[in-house]
Structures are given as structure tokens and as C-alpha cells.
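Scroll down for the structure; my scribbles are underneath it.
The values are calculated or read from the model by the stated rules, or taken from the named source; none is laboratory data. Not measured: the values here are computed from a predicted model. In this analysis, Cβ positions are derived from the backbone assuming ideal geometry, glycine residues included, and neighbour counts consider all displayed protein chains. Remember, those area values only see protein heavy atoms, side chains included, never the ligands or the DNA or RNA. Shrake-Rupley method; radii C 1.70, N 1.55, O 1.52, S 1.80 Å.
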Amino acid sequence: MRKGLKVRANFFEKDLKLSAVMENAGETTSWTGSKIMATIGPSIHDTDILAKLLEAGMAAGRVDLTWGPLEFHRNSLQHLSEAMRRTRRLCSTVIDTMGRELMVRGQWQVDNQGYPWVLGRKDVHAGEVMTLTTREDAVADHNLLPIMYPKFAQMCQRGDIIHIARYLVSGAESSSLYLEVSDVQDKEVVCMARNTATLEGLLCVFHCERSATANLVSNIQNELPLLSDWDKECIQTLGSEYEIDFINLSYTRNAEDVREARRYLQSVGMHTTKILAKVETRQALLNFQGILSEADGIIISRGNLGLDCEPEKMAMVQKTVIQSCNLVGKPVILTRVVDTMVSTPRPTRAEATDVANAVLDGVDGIMLGAETLRVCSQHKHACGTATTTSGSLVVRGTPYLSKLESIASSAVRAADKVNASLIVVYTHTGQTAELVAKYRPPMPILTLVVPHLTSNKLKWKLEGRSYTRQCMVNRGLLPFLATPAAGETLLEDAVRHAAHLRLVKPNDHVVVVQRIQDDFCIKIVSVSKQGNGIQRDRAPSSVAKSNSLQHIPDSMKAV
């Protein structure tokens, strides 16, 4: 018996070294598995600040149509474009729609940036009576809040819970008001405050689901359109002036919503813009399979979703949604992770653990991440190792793999077998790289998007830039726009640049996925002993030189 215990103790010491967990993730590089999507608001409405965020690792810049006038969002995208040119770093451009948002009508003024600020502040105490009205002539005061949706009273009944809060705040009790409906009278909903809160700024209204049955939605839904006239105006205007990579589709309810949004994008000529469906209600969860099949990716909007679902169920909801997206290889983005950092210099221990668990579960990115890039980078190696096993299980359990996905899964297996430090993928649209990322390899996936000609029967167009930026939101991908006729020097340049980014070192192995004529192939190359290219018997005749991290070879472009 003693001998058995000794063996078990040795096993524990060998495989569970907690001291290793405490070690730093290592030297900082330009790559991290999970990505950061930042909202461009007044505090970063500046080219210099956006350039610093890009250098820190921001992968996507988001403009939120719920806030601010069109001119403000136009300037935001202009600042982002200039920051990309200045830093020579890629960044996806994202428009987040207002959609079916319910809001309180208040008085506001515009600051020197053209950004609106709602005036007034209300201190509400638990037990106070608050009235929500749809009267158009009503003016907000201490006990009266005008709701902009005229049919709001018809949605409510006694006992309902209504949440009112300033948009994008910490979510703490002091800034979130919970009301219980006590009476409904024509255009007015009389409520009792269940907590003490301070209301200020732009106030949004969320009508929590009243049904206690998990698979039932009993609330009357608002009849607001999926895309408001304001959404359509902004999307069409900004889409004609800038290359928009993603639309975040707010309050997605079912698969038809996604199809409707895609039809609209195609009608205004935005054929390459992808759709990230925001899951933020119980209704969306019940229709999730259809939404996932139609959308290009999913955003778990935990602010609203956490109100519509029981708090103790949210962890499993999040894990299930992430796993479902991972299984089909579509990106999944998480929101609301370090709320306290709105007013504090570091996250709480619970928030840091929350981010780490999301990364380990397989999330592709985090929206409004603030300092979470640092947390994500600390777990990037662990998350790759942890998810490689689950990726293998997916392969064994899948009855059929397409030719392309078979190549992708084989590339990840090969990289694991030879302990490669990097995977290089040649692609036209990003699809091959996305399939490689689906199997969650622990090493970076340097994605070389080779532009190609497309035709709409009227004219030819060279496409590649938008696909390159769209790859930014996929976990593990490090995309670059390649030169169409780069030839054999492209791989040499890619490995050399990876060495400058400290992704590979001398004698490391690199797995390459590329298409030769009509066939795909996987090959394994090694970094030269000098760490400045590929090991060859004879050096290539012409190789571009790179002397700094900011310089990218002519065959690879970051913007």
C-alpha cells in the first residue's frame, strides 16, 4: 500500500507542477491566440491613441451606432485607417447596429468632438415608485422615464422585471436599476425599484423574460425592425466610403434575421462584409442552431443575456455556445469581461479568472477588452495545448470531412507531431486558414492571403484586402496580404518575418499548407541556422531584407 501511494505521489509531482503555472508566459510577441475587439469612443477618438492600441494588439475596431452621430463614426473610421497606415498593422473594421434597442428619451448636448452626452442624473432608492411612459410629450424627471418605443406598455404585465442602465457601464448595482412592474395603465407602466441606483447618461431598457421554463419565451417581443432606418443610413454611407469587414447584428432572434441582414448588405454592394450575430436574449438561444448556421460568427452579449437567463446558468450557456462555434469553425466573441477596469487600474481576481476560462474554453476574441490582452497572452500556450486534444476528438467523431478540412486537420496533426513552432497557410479568401484555426493548434498560424481576380460580368476586381482583415478575428491567425506574383520568395519572406516577430528561432520546424495548381499539399520546412530564412542547399537568388519589426517584406503587406 505504501508503495502504491508513493507511485501516485510521484505521478502528481511529475505531471502537476504548480510552480510552472506561476511562470510568466514568456517574451511578448505580436501574436496572441484570442483577439481583442475595441470600441472607438470619445476616449480613443484619435489617430495617435488608436496607433498605440494597434501596436498593443487590437485586432478589430468597432463603431457602435447606438452612440453618436454619423459624422463621429465617419471620423472614427478615418482615424483607424490612418492609424493602420502609420503602424502598418491590420485591423478589422466593425459596425455594431442599434437594431431593436429600447431607450429612454432624455435631454442631451454635443461635446467638442460631436459626441452626444445625455444631461441629468437621477438617484433612485429601493422602494421608490418609478413610472415608465410612452407619451411623446413626457419629459424625464426624478420619478418619470419616457420610453421611445410607443408599444412598450403592451409588452408588460404585473410582476415583470425591467432593467434600466447606462450603456457600457460596469454593471454594478449602483449603476443598474431593477424595477418590478406593479401596474400597467394605458401608456404608463408603474414600477417599484428593487435596489438603489444612480442613473445617468444614455439609458437603455431591457425587459427580462418572465417565463420560468427554459424552452419557452412568453414575453411579447417588440416590433422594432432588425435594422432601423438609422442603421441602414449609417451602413450604406460608411460602407460606400470605407471597407467594412463585419456587421455586429444586434438582437438577432432567428436565422431569418441573419438572412435579412445579408440581403440588405448585398443590396448596397457590401458583398464581402461578414455578419457576426449577437446572441443576447433567451429567444436567440432557443433558435441558436439556425442562427449559427446562417451567421459568419457569434457574439455572446453577456450583458443582456445575463439578465434574460438565470445567473447560475450563464457559465454553462457560455461554454455550450463557445463549444458549438468551435465545432463548426466559426469565430465566437465574448463581451463584458473586465467591467471594474472602467474605474480601476487592474481587473478583479474573479474577472481575470473569467477571462482565462473563456480563453481555455476556446473563445476567438473579446470585445471591449481594455487590459484583457495581457491576461489572454498569459494563457495562450495553455489554451493551445488544452484544446488540441478536443480538436482531435472532433476529427475522430466526424463521419465526413471535406477535402479542404481534411488538409487543415492533417496540417495541425503534422505540426503537433514534429513540434512545429509555426504553421504557414496560403489562402485566397481565408477559408483554409479558418479551418486550420478550427483545430486550435498551440502555435501561431501565419496566414498569407494571396489576392485574386473576381468578376461581376461588368468589371474585374482584385480581392484580398478585406479577407485579410477579416482573418484578424479568428483565434490564432496572424494574417498578411501577399503579393500575387511573389513566387517562391514568399515563403522565405514569411519565415524571415516570423523570425523578426520572434515566432520562430533557428532550426525550428514550420508546417506549410498551400495549393499547387488544383491540388493541396502539406510540407514541412526548417528555419535556417542563422534564423533568417529556410534551410536550403543553395540560397535563393533574390530575398527581400527586413531590419525591424515594423518593416514587412515587399511580398507581404500588413495594410
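Data overview
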quantity: Mean Cα-pair separation over length for the range 67-160, i.e. relative contact order, pairs under 8 Å, 6 or more apart, %; calculated: 24
quantity: Accessible surface of the range 263-315, 1.4 Å probe, proportion on carbon and sulfur as whole %; calculated: 46
quantity: At most 15 other Cβ within 10 Å, DSSP loop - trypsin sites (Lys or Arg not before Pro), the range 67-110; calculated: R88
quantity: Lys/Arg +1, Asp/Glu -1 at C-beta; the range 196-326 dipole; positive extreme among I299, Q236, N248; calculated: I299
quantity: Where trypsin sites (Lys or Arg not before Pro) fall in DSSP loop in the range 431-525, at most 16 other Cβ within 10 Å; calculated: K457, K459, R502
quantity: Simple label model, 7 Å out from Cα along Cβ direction - E488 to Q113, nm; calculated: 5.2
quantity: Relative contact order %, the range 216-291, counting alpha carbon pairs below 8 Å whose residues are six or more apart; calculated: 36
quantity: Contour excess over end-to-end distance, with Cα ends at D48 and L70 and 0.36 nm allotted per residue; calculated: 5.8 nm
quantity: Derived scalar couplings ³J(HN,Hα) [the range 206-213; Karplus, 6.51 cos²θ - 1.76 cosθ + 1.60; whole Hz; x for Gly, Pro]; calculated: 10, 8, 5, 5, 8, 5, 8, 8
quantity: Rough spin-label spacing in nm, given labels placed 7 Å along Cα→Cβ, for W460 and I524; calculated: 4.0
quantity: Relative contact order, percent, the range 97-150 [alpha-carbon distance under 8 Å, six or more residues apart]; calculated: 37
quantity: The range 276-326 and the range 439-471: distance between their alpha carbon centers, rounded to Å; calculated: 28
quantity: FRET efficiency, R515 to V328 (Cβ-Cβ, R0 25 Å, nearest 0.05); calculated: 0.65
